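Colleague: Structure provided below as structure tokens; questions to follow.
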């Protein structure tokens, strides 16, 4: 058995399990002399740099942004700007609910909560415009608060993913 778990159970770490880990330093290796391929055409030289098997290959560096940090930042922006909720799509059997805001931001939340999603969808159909008041992380989950007229609607989800 792996990690003391029965063989029938698969261990899948959650993102919160990695939050306290420090990032590793990048590995640097001495490259080959550039003169070795001096006679190559620019296209071939570019192809050599792009192929992972080439010793001089350098992967495209993209800014590393933690998914959790990006989601929290997006939730903060939605709350500060009081961006209106434009659409709610409850998932089947509470699997995944999708919330679309007027600026195009989409929140996917799992597990979904059908009753809450339907309350927000009904408010939209009635002409009310729910807005996100704020959210917070609670033991690796998210708690979101929407204002809908005089009412506050709360959602608790294990996982929230924000995209533009």
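The values are calculated or read from the model by the stated rules, or taken from the named source; none is laboratory data. Predicted model only: the values in this text are computed from it and were never measured. Note: ideal-geometry Cβ built from the backbone for every residue, glycine included; neighbour counts use all protein chains shown.
Colleague: For segment 107-127, name all the residues that are crowded, with 16+ Cβ neighbours inside 10 Å and over 14 Å from residue 155 (Cα atoms).
Modeller: Matches in segment 107-127: 123, 124.
Colleague: Tell me, yes or no, whether segment 111-129 has at least one residue that is part of a strand (DSSP E or B) and either within 20 Å of residue 83 (Cβ to Cβ) or modelled with pLDDT of 90 or more (or both). Full working, then the answer.
Modeller: Going through segment 111-129, the residues part of a strand (DSSP E or B) turn out to be none.
No, segment 111-129 contains no residue that is part of a strand (DSSP E or B) and either within 20 Å of residue 83 (Cβ to Cβ) or modelled with pLDDT of 90 or more (or both).
Colleague: Which residue is modelled with the highest pLDDT, if the candidates are limited to segment 91-106 and must be in a helix (DSSP H, G or I) and exposed (fewer than 14 other Cβ atoms within 10 Å of the Cβ)? First the steps, then the outcome.
Modeller: Initially, segment 91-106 is screened for residues in a helix (DSSP H, G or I), giving 92-94.
Pick out the ones that are also exposed (fewer than 14 other Cβ atoms within 10 Å of the Cβ) and you get 92-93.
Values: 92: 78, 93: 74.
Top of the filtered list is 92.
Colleague: If I go through segment 112-164 residue by residue, how many of them are in contact with a strand residue (DSSP E or B) (Cβ under 7 Å, 6 or more places away or on another chain) and farther than 12 Å from residue 75 by Cα?
Modeller: Start the filter on segment 112-164 by keeping residues that are in contact with a strand residue (DSSP E or B) (Cβ under 7 Å, 6 or more places away or on another chain), which leaves 112-113, 116-117, 119-121, 123-124, 128-136, 141-147, 152-163.
Now restrict to residues that are farther than 12 Å from residue 75 by Cα: 112-113, 116-117, 119-121, 123-124, 128-130, 141, 147, 152-159.
Of the residues in that region, 22 qualify.
Colleague: Also, quick follow-up: Of all residues in segment 65-90, count the ones that are assigned to a loop (DSSP other than H, G, I, E, B) and in contact with a helix residue (DSSP H, G or I) (Cβ under 7 Å, 6 or more places away or on another chain).
Modeller: Taking segment 65-90 and keeping what is assigned to a loop (DSSP other than H, G, I, E, B), we get 65-66, 82-83, 90.
The next check asks that each one be in contact with a helix residue (DSSP H, G or I) (Cβ under 7 Å, 6 or more places away or on another chain); those that pass are 90.
Residues meeting the conditions: 1.
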